[in-house]
Amino acid sequence: MDKIDSITGTAVPIDASDVDTDQIIPAVWMKRVERTGFQDGLFAKWRRDPGFVLNQPERRGATILVAGPNFGCGSSREHAPWALRDYGFKAIIAPSFADIFRNNLPNIGLVPVTLDEASCRKVMAAVTADAATPVTVDLVARTVTCTAAGVVDVPFVIEENARYRLINGKDLIDLALDFDEQIRRHEERRPFWMPRTNGQVEPAFELSGVEQ
Amino acid sequence: MAERTLVERIWAEHVIEGTGEELIFIDMHLVHEITSPQAFEGLRDTGRRVRRPDLTIATADHDVPTSSRQVPLADEIGRRQLMLQIRNCREFGVELHPMNSLGQGIVHVIGPQMGLTLPGMTIVCGDSHTATHGAFGAVAFGIGTSQVEHVLATQTLRMAKPKSMLVRLDGTISPQATAKDVALAVIRAIGTDGGTGHLIEFQGPVIDRMSMEGRMTLCNMAIEAGARSGLIAPDETTFAYLEGRERAPQGADWERARAEWSTYRSAPDAVFDTVVELDLDGLGPQVTWGTNPGQTTDIDGAVPDPAALADPVAREAAVRALDYMGLRPGQRIAEIPIRTVFIGSCTNGRLEDLRAAAEVVKGHTVADGITALVVPGSEKIKRQAEAEGLHEVFTAAGFQWRNPGCSMCIAMNGDVVEPGTHAASTSNRNFEGRQGPGARTHLVSPRSAAATAISGRLAASLAD
């Protein structure tokens with residue numbers, strides 16, 4: 001993953017609360033088995049409306065999404081963050097996020113920026129008024145700046161571990177495997193009643209003709 | 001040491017290292033075909049193995065057709081995904097219950113059914129409704145595909161401990177109300193973000209009297225209140241459900257395990273970050289009128305007027321929802337024209353749900369113009385229901401009796417609600433387009449869904 005110090009770019013405003021993951025990417029896109037190529041699924045239903053903000057030519061190349069409260073509620077599908085990433089977004093600014101969604105973002109190098117509601121509203125208004133308005137998310141200083149909105153070096157909230165990983169471009173799995181010895185020790189002291197699975201692929205019913 | 005909540009105890013028993021975001025051990029990893037292909041591909045790319053295949057189990061539920069299961073499937077993309085899952089599980093040595101096998105079913109139905117869901121465990125799945133397993137006193141939550149890969153590779157997750165929330169449910173609900181109505185009433189009261197950042201522990205007389213199936217329904221929908229998960233401390237109801245289950249401890253181990261599990265409960269004076277007390281005395285059947293599960297009212301009531309809402313955000317959301325739903329303020333719920341009835345899903349696809357619906361349906365006929373389907377939560381439930389003759393009750397009434405899967409809850413297998421029409425559904429989400437493009441979903445209990453199919457309008461019983 002790329003290391004991220006700060007992101008400066010233009011923004012796309014999505015001024016609605018409770019935008020759920022079914023809106024961010026419809027479930028039909030979840031049939032794909034690839035890891036990339038989800039950009040066309042992003043807000044697919046809303047994009048059928050020619051007036052939708054993502055369809056405005058002047059919004060092309062935006063790297064920051066400005067959203068309303070409880071953004072990303074609903075399912076745990078990572079296809080939603082993938083679609084945002086594949087479209088070109090690098091940071092999402094919102095007054096609040098759904099938990100699972102927020103946790104998913106840094107795992108693929110996207111920055112969840114939880115910004116106070118008043119500042120969010122100002123940024124939303126400024127980027128809505130002028131698509132060329134630049135917004136800066138400084139991950140090192142942990143601040144948002146959007147001069148046109150009168151938002152300058154306003155602090156935002158992000159989990160420290162997520163911030164560390166984004167700044168250092170670290171893979172979460174490598175970080176965990178550094179603790180292999182501790183994991184092993186835990187495995188040795190698990191309670192006797194913990195259930196096990198058998199590793200087998202169960203055969204299909206007779207005559208069902210299922211492909212396996 | 002400060003008195004602990006149940007979640008704090010289970011969490012502490014699983015922390016491997018760290019402060020703030022801790023590395024925790026995962027006791028069971030449930031895998032389905034939609035959110036795992038990219039995780040297995042990630043393992044292959046990096047030359048990693050599944051660390052604990054013996055703590056991993058997979059099934060196919062989201063994509064599988066529920067009508068014909070003749071292979072090869074007509075849906076080429078779905079077929080590719082199912083075949084890839086079989087290949088992945090073979091290659092990495094993961095137990096799999098594929099389509100057309102006896103163990104197949106919705107992932108959150110088969111875990112408890114097999115006895116793989118036990119008190120005191122940590123359970124994850126790339127699916128938000130993993131919260132279902134919390135009904136057994138387990139810490140169970142949904143994760144993204146990167147985390148699926150993380151758990152496959154390390155059997156751990158890096159996470160901040162959720163805040164604790166106690167939702168205490170007092171009173172006696174009406175005989176017509178079910179666990180589903182309790183779930184909707186809770187979300188109606190605390191909102192779709194009422195539980196954000198928290199893991200909810202449900203307590204109180206309403207819970208004490210609730211069946212295991214009902215508790216699964218309630219915990220399943222904790223996520224719809226924005227919570228990371230929900231959980232209920234194990235009690236005699238829990239033990240009665242678990243005893244004799246295939247993968248649960250047996251014999252002397254059972255007695256020892258049961259004794260330990262009895263201690264898995266929050267201390268009486270444990271301090272929760274947030275406490276909500278709801279008096280559900282006399283609670284009647286609920287129904288959603290809008291496009292999130294918090295937009296709920298009494299099934300014998302009317303569509304609310306957004307203008308009466310004090311919160312501007314809620315008001316605007318309500319206006320948007322009514323526009324999408326094609327409803328007007330003050331309209332009686334009973335006047336909403338229903339075209340589709342869906343009984344099933346990880347919320348309400350268990351045997352108890354099918355029995356409750358069949359009891360209402362018995363001897364009646366589905367109203368003209370209504371398409372009604374029953375989709376059992378698992379192959380075993382389907383067979384048990386058939387052994388009890390429930391399928392005959394449904395088919396005689398004009399219901400379609402289908403094969404197990406997620407079906408019309410997520411509408412990615414071809415089972416969809418027609419655009420612009422209203423559906424009464426026992427599933428968990430009434431989001432725009434969730435049950436198909438333009439679908440207008442009303443979440444209800446299995447009893448209400450059955451009564452709706454027969455009477456042709458949203459209703460909780462036929463006596464109305």
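The values are calculated or read from the model by the stated rules, or taken from the named source; none is laboratory data. These numbers were taken from a predicted model, which means no experiment stands behind them. Here Cβ is always computed from backbone atoms with ideal geometry, including for glycine, and neighbour counts include all displayed protein chains. What goes into the accessible areas is simple: the full protein's heavy atoms, side chains included, and nothing from ligands, DNA or RNA. Shrake-Rupley method; radii C 1.70, N 1.55, O 1.52, S 1.80 Å.
Please determine, by comparing only the residues of region B:314-334 that are more than 14 Å from every other protein chain (Cβ to nearest Cβ) and either charged (D, E, K, R) or closer than 20 Å to A:G68 by Cα (or both), which one is most open to solvent (accessible area, probe 1.4 Å).
B:R328
What number of residues in region A:1-19 are touching a strand residue (DSSP E or B) at 6+ places or on another chain (Cβ under 9 Å), within 11 Å of chain B (Cβ to nearest Cβ) and open to solvent by 10 Å² or more (accessible area, probe 1.4 Å)?
4
Hey, does region B:14-21 have a residue that's of a type in the set (S, T, Y) and surrounded by fewer than 21 Cβ atoms within 10 Å (Cβ to Cβ)?
Taking every residue of region B:14-21 in turn, at least one turns out to be of a type in the set (S, T, Y) and surrounded by fewer than 21 Cβ atoms within 10 Å (Cβ to Cβ).
Assess whether B:T452 counts as being of a type in the set (V, I, T), open to solvent by 10 Å² or more (accessible area, probe 1.4 Å) and more than 22 Å from B:V109 (Cβ to Cβ).
It is false that B:T452 is of a type in the set (V, I, T), open to solvent by 10 Å² or more (accessible area, probe 1.4 Å) and more than 22 Å from B:V109 (Cβ to Cβ).
Anything in region B:44-62 that is in a helix (DSSP H, G or I) and either under 23 Å from the mean Cα position of the chain (by Cα) or at pLDDT 95 or above (or both)? List them, or say none.
Within region B:44-62, B:P53, B:D54, B:L55 meet the criteria.
Would you mind telling me which numbered condition in (1) open to solvent by 20 Å² or more (accessible area, probe 1.4 Å); (2) in a loop (DSSP other than H, G, I, E, B) B:T117 fails?
Among (1) open to solvent by 20 Å² or more (accessible area, probe 1.4 Å); (2) in a loop (DSSP other than H, G, I, E, B), the lone unmet condition for B:T117 is (1).
Looking at B:M221, B:M210, which is the one that is open to solvent by less than 10 Å² (accessible area, probe 1.4 Å) and at negative phi?
Going through B:M221, B:M210 in turn, just one is open to solvent by less than 10 Å² (accessible area, probe 1.4 Å) and at negative phi: B:M221.
So, of the residues in region B:22-43 that are among the acidic types (D, E) and either part of a loop (DSSP other than H, G, I, E, B) or without any contact (Cβ under 8 Å) to a residue 40 or more places away in the chain (or both), which turns out to be most open to solvent (accessible area, probe 1.4 Å)?
B:E41
Collect the residues in region B:70-94 that are within 27 Å of the chain's Cα centre (by Cα) and within 7 Å of chain A (Cβ to nearest Cβ), keeping them in residue-number order.
Those that are within 27 Å of the chain's Cα centre (by Cα) and within 7 Å of chain A (Cβ to nearest Cβ): B:I77, B:G78, B:R80, B:Q81, B:M83, B:L84, B:I86, B:C89, B:V94.
Every residue in region B:135-162 that is assigned to a strand (DSSP E or B) and more than 9 Å from chain A (Cβ to nearest Cβ), please.
Residues of region B:135-162 assigned to a strand (DSSP E or B): B:139-142, B:156-160.
Correct list: B:V139, B:A140.
Take region B:265-313 and flag every residue that is small (G, A, S) and open to solvent by less than 40 Å² (accessible area, probe 1.4 Å).
B:S266, B:A267, B:A270, B:G284, B:G290, B:G294, B:G301, B:A302
Please go through region A:66-102 and give me each residue that is of a type in the set (K, R) and open to solvent by less than 10 Å² (accessible area, probe 1.4 Å), ordered by number.
If the condition is that a residue be of a type in the set (K, R) and open to solvent by less than 10 Å² (accessible area, probe 1.4 Å), then A:R77 is the only one that fits.
Considering (1) surrounded by fewer than 24 Cβ atoms within 10 Å (Cβ to Cβ); (2) part of a helix (DSSP H, G or I); (3) in contact with a helix residue (DSSP H, G or I) (Cβ under 7 Å, 6 or more places away or on another chain), say which one B:G103 fails and leave the rest.
Condition (2) is where B:G103 drops out.
Examine region B:144-153 for a residue that is surrounded by fewer than 24 Cβ atoms within 10 Å (Cβ to Cβ) and more than 19 Å from A:E78 (Cβ to Cβ), and state whether such a residue exists.
There is no residue in region B:144-153 that is surrounded by fewer than 24 Cβ atoms within 10 Å (Cβ to Cβ) and more than 19 Å from A:E78 (Cβ to Cβ).
It is to be established whether one or more residues within region A:21-31 are open to solvent by less than 30 Å² (accessible area, probe 1.4 Å), closer than 28 Å to B:P312 by Cβ, at the interface with another protein chain (Cβ under 10 Å from one of its Cβ atoms) and free of Cβ contacts under 8 Å to residues at least 60 places away in the same chain.
yes
Somewhere in region B:243-260, is a residue under 20 Å from B:I110 (Cβ atoms) and either assigned to a helix (DSSP H, G or I) or hydrophobic (A, V, I, L, M, F, W, C) (or both)?
yes
Let me spell it out: the conditions are (1) more than 22 Å from B:L169 (Cβ to Cβ); (2) part of a loop (DSSP other than H, G, I, E, B); (3) without any contact (Cβ under 8 Å) to a residue 60 or more places away in the chain, and B:M210 meets all of them except one. Which number is the exception?
Of the numbered conditions (1) more than 22 Å from B:L169 (Cβ to Cβ); (2) part of a loop (DSSP other than H, G, I, E, B); (3) without any contact (Cβ under 8 Å) to a residue 60 or more places away in the chain, the odd one out for B:M210 is (1).
In region B:416-426, how many residues are surrounded by 24 or more Cβ atoms within 10 Å (Cβ to Cβ) and out of contact with any Lys or Arg (no Cβ under 8 Å at 6 or more places or on another chain)?
2
Can you tell me which residues in region B:164-207 are open to solvent by 30 Å² or more (accessible area, probe 1.4 Å), of a type outside the set (S, T, N, Q) and at pLDDT below 95?
Residue satisfying the conditions is B:D193 alone.
Would you say B:G226 is under 18 Å from the mean Cα position of the chain (by Cα) and surrounded by fewer than 22 Cβ atoms within 10 Å (Cβ to Cβ)?
No.
For B:G134, are the conditions met, namely being touching a strand residue (DSSP E or B) at 6+ places or on another chain (Cβ under 7 Å), more than 29 Å from A:L175 (Cα to Cα) and not assigned by TED's automatic domain parsing to the domain that holds B:R247? Before the answer, list the steps.
Details: touching a strand residue (DSSP E or B) at 6+ places or on another chain (Cβ under 7 Å): yes; more than 29 Å from A:L175 (Cα to Cα): no; not assigned by TED's automatic domain parsing to the domain that holds B:R247: yes.
Spelling it out, it is not the case that B:G134 is touching a strand residue (DSSP E or B) at 6+ places or on another chain (Cβ under 7 Å), more than 29 Å from A:L175 (Cα to Cα) and not assigned by TED's automatic domain parsing to the domain that holds B:R247.
Filter the strands (runs of 3 or more DSSP E) completely within region A:103-212 down to those with at least 1 residues that are over 28 Å from B:L84 (Cα atoms), open to solvent by less than 60 Å² (accessible area, probe 1.4 Å) and within 12 Å of another protein chain (Cβ to nearest Cβ).
Working: elements: A:111-114, A:135-138, A:143-146, A:151-155.
It comes to A:111-114.
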